[in-house]
Amino acid sequence: MEMLLHYCWKHRLFPQAELNTTDGQRIEVIDPGLHNYNAGPDFFNAKVRVDGTMWVGNVEIHDKASDWYHHGHDHDAAYDNVILHVVGRADVDDVRTNSGNHLPQLEITVPEPIREHYDQLITTDHYPPCYQLIPSLTRLMVHSWLSALQTERLEQKTEAIVQRVKRCDGAWDTAYFVTLARTFGFGVNGDAFEEWAMNLPLRALDHHRDDAFQVEALMMGQAGLLKTEALHERYGEAALAEGYFERLRNEYLYLAHKFGLTPIDHNRWKFLRMHPQNFPHIRIAQLVRLYTLGRTGLSMLLDCTSAKELYNLFDVGVTPYWETHYSFGHPSRKNAKRLSPASRRGLIINTVVPMLFAYGRYLGDDKLCDRVFDFLEQMEPENNHIVRMWEECGLHVDNAGDSQALLQLKKMYCDRKDCLRCRIGYEYLKSDRK
């Protein structure tokens, strides 16, 4: 299997005593090079000594030597700097580059224990397959890997935010509000909330910030929730009788005409099997409160120096009508419907932290980037089935940074069975367990 050959070459997990090329030249591997995950040779800037002569260049790896020709490398100038062809089986003696150079070939085999361990990782029914090894891992190794995973996850989220900033014509404040709104969808309505936020005229809305009623009218209206057909059939009659829906609707029609607005399709919102506390009406009402309190600007985040301050920033409830309703005409016991600590933690982890990290990268401000790791360390870890699974395997989870790292581990490595890029997988492959 070619990827196992890659792995053994990268980590030198092959017998290295008395190495010889297929034509009998003595070879010494000084540096296997840098693994290239893109197009081109498999490893860059390798260093090998062939019959006493040091060569620096690229290395290409194949299951069979004939794959060099099957893949067309003999006609590709990108492979002219290859200095060594590493193969599992040398079924062809003469391999040449596009420029006509003859390549030395090294035949290596994957050690049987590594092959067996890899098969165990890929085929075992238990999840994660490396669970037996985890309790024996050193604290230093685990901490190092979780730190790398945490950074990797932030960098991926950063890329999504950078693309959002571009869609917002470079306006970071707008991109922050859109990102915040998306997180308010808490997964199920994330796409709808992002579409809604992109459809809000925030600059025009700023002129009405002091009037919560107008802000609510515009936000609910742009969500398509002030159309009579958006009313729940069970509560529609009560909603119209109360009068609040009609007042908001009339105000929105005025503002929509004034600013030339078109709402999104109300059918974009999902309600099925959802707790009423998470209805779009409630989440939008909470965003109205945040907005009118001036807590949806990027500058507010920059002023926070601790996770506690961030928790306080998002400690809001709803506007008065929604204290006694779940949707228009749908009554509830009087409740401020404040964002729960778990919801606030989710907003900080999924919006604030990646936003500040992305903005720090944009500014070249290392201190701002470092601050987000401090925030994660100060917060309790998330409590979900993925985190609990890792804890049951013996991984200790100290904070939100650790839980984010473990979510990244499952999504980007375990779910893809990409054990060869995982440091725990590496420890498993080279272990002496049966």
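The values are calculated or read from the model by the stated rules, or taken from the named source; none is laboratory data. As the structure is a computational prediction, the values presented were derived from the model and not from experiment. Neighbour counts are summed over all protein chains in view; Cβ atoms, including those assigned to glycine, are modelled from backbone coordinates with ideal geometry. Please note that ligands, DNA and RNA were not included when accessible areas were found on the heavy atoms of the full protein model with its side chains. Shrake-Rupley method; radii C 1.70, N 1.55, O 1.52, S 1.80 Å.
Before moving on, here are some points about what is shown:
- Oblate is the label for the stretch 216-300, because a/c, from the alpha-carbon gyration tensor with a ≥ b ≥ c as root eigenvalues, is 1.5 or above and a/b does not exceed b/c.
- Each peptide in 386-397, 361-372 gets a packing score, the mean of other Cβ atoms within 10 Å over its residues, and the list from highest to lowest is 386-397, 361-372.
- Heavy-atom surface of the stretch 1-88, accessible at 1.4 Å and reported per residue (Å²): 48
- Taking every DSSP helix (H) stretch of at least 4 residues in the chain, weighting each as -39,500 (n - 2.57) and dividing the sum by the residue count yields a mean residue ellipticity at 222 nm of -13500 deg cm²/dmol.
- Arg338-Glu229 pseudo-label distance in nm [points 7 Å out on the Cα-to-Cβ vector]: 4.0
- Ligands, DNA and RNA are left out, and with a 1.4 angstrom probe the accessible area of the stretch 254-295 is 52 Å² per residue.
- For Leu363, net neighbour charge (Lys/Arg +1, Asp/Glu -1) across residues whose Cβ lies under 15 Å away: -1
- Once both labels are positioned 7 Å from their Cα atoms along Cα-to-Cβ, the gap between His385 and Lys270 label points is 1.6 nm.
- Summed over the residues of the stretch 107-216 and divided among them, the accessible surface reaches 48 Å² per residue at a probe radius of 1.4 Å.
- Accessible surface of the chain, 1.4 Å probe, proportion on carbon and sulfur as whole %: 48
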